[in-house]
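This report refers to the structure that appears directly beneath it.
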Amino acid sequence: MSADQSTEGSAESTDEDHSGGATDCAVSEFDDGLVDLLAWILDTETRARIYVHLRQHPHSTSEEVAEGTGLYPSTVREALAELADDETVERRKRKSSGAGNNPYEYVAIAPSDLVKGVSGQVQAQLNAVFNLDRHLGTDRSDETEPVTITVREE
């Protein structure tokens, strides 16, 4: 189990937490089960905590995310880069009227978009399991895709 995954499945401080054991602001208001589900979808609790923080505080810099989540800045930068590569967060330069370095700011995609992306992956995996006997050669019938997951926004 990685350092950013909780052994009890809770959203309490982890080894990556540098805030001296303070409760994570971004997830303290959420049910542990929801954080666990987000951690499953996004691969780690660290990513889940960052996603929740960015939903609560869009246009945050990596430094602001680190402060808000209690995670180490280097951990946040690495996770944000991965989330940006996965298109789970959008990254753009913060506009500033002064001279100097403009940091990147991040915005998390809408939960509905996150669910749509995951539903396609889950559908493909369930259909692969459904067709397992065909892949093993013990069933000669045509491969089918009986599992269809539809996400509707209401």
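Only the coordinates and a few stated rules stand behind these numbers; no lab work does. Keep in mind the model is a prediction, meaning the values are calculated, not measured. Here Cβ is always computed from backbone atoms with ideal geometry, including for glycine, and neighbour counts include all displayed protein chains.
Sort 58-70, 109-121, 80-92, 39-51 by the packing proxy (mean of other Cβ within 10 Å over each peptide's residues), most packed first.
39-51, 58-70, 80-92, 109-121
Subtracting the Cα-Cα distance of Q125 and A110 from their residue separation scaled by 0.36 nm leaves 3.1 nm. Just check the range 110-154 against the gyration tensor rule for me: Cα atoms, a ≥ b ≥ c as the square roots of the eigenvalues, rounded for a/c under 1.5, and otherwise prolate or oblate depending on whether a/b exceeds b/c. Cα axes put the range 110-154 in the prolate bin. Label 7 Å along Cα→Cβ of D139; the range 83-124 residues with amide nitrogen under 17 Å? Those under the cut-off are 123-124.
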